[in-house]
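**Student:** Sharing a structure here in structure tokens format.
The values are calculated or read from the model by the stated rules, or taken from the named source; none is laboratory data. None of the values given here were measured: they were computed from a predicted structure. We place every Cβ from the backbone using ideal geometry, glycine too, and count neighbours over all the protein chains shown.
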Amino acid sequence: MNLASFSDEVHRSFDRKAAARDRALIAARRAVRSSANAIRAVHRGELVEAHRLMDDAKAALDEGKAAVAEDHPDVYHAGFLQDAQKEYAEARLTEALVTGAEPPGADELGMELPAFLNGMAETIGEGRRAVLDLLRSGEIERAERILATMEDLFHVLVTVDYPDAMTRNLRRSTDAARSILEKTRGDLSLSIVQRRLQDALEGHAERLGRAPPEGSAGS
């Protein structure tokens, strides 16, 4: 073995891997940023902007995967691209949750199941944000619909009982989602009770207002 030639080849190999990793990292960061901004746009009702940002996130994910998946699978599976996929899944699922649309599947989004499922778990937190916003504006029926969908998502998550190494620590994300779901259910139940009480008081006040003054019957 010619050590000088071997040394040159070692450096060329790692230079190629480092360059590919850098391209994938930049793409992953762009996907995460666009996904986070898309979620904010969804909560503000700016769906056209949300779609533009989600399209940008998907393009970035495709670029990142193309940079490393074929020639550098170890870099592809390092985790940062999967984290970016999770954020993208969260954005797409949050839009479906808030708007009442049919949620997309992992195959439709072109991603691995662990990233998709962890994104689903994060979506439950975004659902809580949407429910609280609706409760503040008195839209209890819409809040109830979102909570029902959150529960459906959670029921999928709790059935995935596999080792954390296979699911990328989904159990931890599911436990966090359970706590969020319970708090949201409590907040919504309290709001429903308060609205019923308010409706009862207003109805009672209205009936008193229509009642004839005391003693007027014999006058």
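**Student:** Checking the conditions here, which among Val75, Val98 is out of contact with any strand residue (DSSP E or B) (no Cβ under 8 Å at 6 or more places or on another chain) and closer than 28 Å to Asp15 by Cα?
**Tutor:** On the way: Val98 fails: closer than 28 Å to Asp15 by Cα.
Result of the check over Val75, Val98: Val75.
**Student:** Would it be correct to say that Ala67 is in contact with an Asp or Glu (Cβ under 9 Å, 6 or more places away or on another chain), in a helix (DSSP H, G or I) and under 20 Å from Ala24 (Cα atoms)? Show your work before the answer.
**Tutor:** Values: in contact with an Asp or Glu (Cβ under 9 Å, 6 or more places away or on another chain): yes; in a helix (DSSP H, G or I): yes; under 20 Å from Ala24 (Cα atoms): yes.
Yes, satisfied.
**Student:** Could you list, in sequence order, the residues of the stretch 83-102 that are surrounded by 18 or more Cβ atoms within 10 Å (Cβ to Cβ) and either in contact with a Pro (Cβ under 8 Å, 6 or more places away or on another chain) or over 25 Å from Lys17 (Cβ atoms) (or both)?
**Tutor:** Result: Ala89, Glu90, Ala91, Arg92, Leu93, Thr94, Glu95, Leu97, Val98.
**Student:** Test Thr99 against the criterion of being of a type in the set (Val, Ile, Thr) and touching a Ser or Thr at 6+ places or on another chain (Cβ under 8 Å), and give yes or no. Break it down into steps so the answer makes sense when it comes.
**Tutor:** Details: of a type in the set (Val, Ile, Thr): yes; touching a Ser or Thr at 6+ places or on another chain (Cβ under 8 Å): no.
Spelling it out, it is not the case that Thr99 is of a type in the set (Val, Ile, Thr) and touching a Ser or Thr at 6+ places or on another chain (Cβ under 8 Å).
**Student:** A follow-up question, please. Can you tell which of Ala59, Ala96, Ala78 is of a type in the set (A, V, I, L, M) and under 17 Å from Thr123 (Cα atoms)?
**Tutor:** Working: Ala59 fails: under 17 Å from Thr123 (Cα atoms); Ala78 fails: under 17 Å from Thr123 (Cα atoms).
Answer to the check: Ala96.
**Student:** When you scan the stretch 131-143, how many residues do you find that are surrounded by 19 or more Cβ atoms within 10 Å (Cβ to Cβ) and in contact (Cβ under 8 Å) with a residue 24 or more places away in the chain?
**Tutor:** Residues meeting the conditions: 3.
**Student:** Another question about this same structure. Test of understanding: among Ile146, Ile192, Ile180, which residue is touching a Lys or Arg at 6+ places or on another chain (Cβ under 6 Å), among the hydrophobic types (A, V, I, L, M, F, W, C) and surrounded by 11 or more Cβ atoms within 10 Å (Cβ to Cβ)? So that I can check it myself, show each step before the final result.
**Tutor:** Numbers: Ile146 fails: touching a Lys or Arg at 6+ places or on another chain (Cβ under 6 Å); Ile192 fails: touching a Lys or Arg at 6+ places or on another chain (Cβ under 6 Å).
Matching residue, one of Ile146, Ile192, Ile180: Ile180.
**Student:** Continuing with the same structure: Go through the stretch 70-98 and count every residue that is of a type in the set (Asp, Glu) and over 18 Å from Arg29 (Cβ atoms). Walk me through how you get there before you give the answer.
**Tutor:** Taking the stretch 70-98 first, the residues of a type in the set (Asp, Glu) are 70-71, 74, 83, 87, 90, 95.
If we keep only those that are over 18 Å from Arg29 (Cβ atoms) as well, we get 70-71, 74, 95.
Qualifying residue count for the region: 4.
Matching residues to (1) more than 21 Å from Glu90 (Cα to Cα); (2) at pLDDT below 95; (3) of a type outside the set (Val, Ile, Thr); (4) exposed (fewer than 11 other Cβ atoms within 10 Å of the Cβ):
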| residue | (1), (2), (3), (4) |
| --- | --- |
| Phe116 | no, no, yes, no |
| Met150 | no, no, yes, no |
| Arg168 | no, yes, yes, no |
| Arg207 | yes, yes, yes, yes |
| Ala211 | yes, yes, yes, yes |
| Gly218 | yes, yes, yes, yes |
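**Student:** Determine, yes or no, whether Val42 is part of a helix (DSSP H, G or I) and buried (at least 17 other Cβ atoms within 10 Å of the Cβ). Steps first, answer last, please.
**Tutor:** Working: part of a helix (DSSP H, G or I): yes; buried (at least 17 other Cβ atoms within 10 Å of the Cβ): yes.
When the stated conditions are applied, Val42 passes them.
**Student:** Could you please give the count of residues in the stretch 1-27 that are more than 16 Å from Pro73 (Cβ to Cβ) and charged (D, E, K, R)?
**Tutor:** The total comes to 5.
**Student:** Would you check which residues across the stretch 100-120 are in contact with a Phe, Trp or Tyr (Cβ under 8 Å, 6 or more places away or on another chain) and part of a helix (DSSP H, G or I) and list them?
**Tutor:** Across the stretch 100-120, the qualifying residues are Ala106, Leu109, Gly119.
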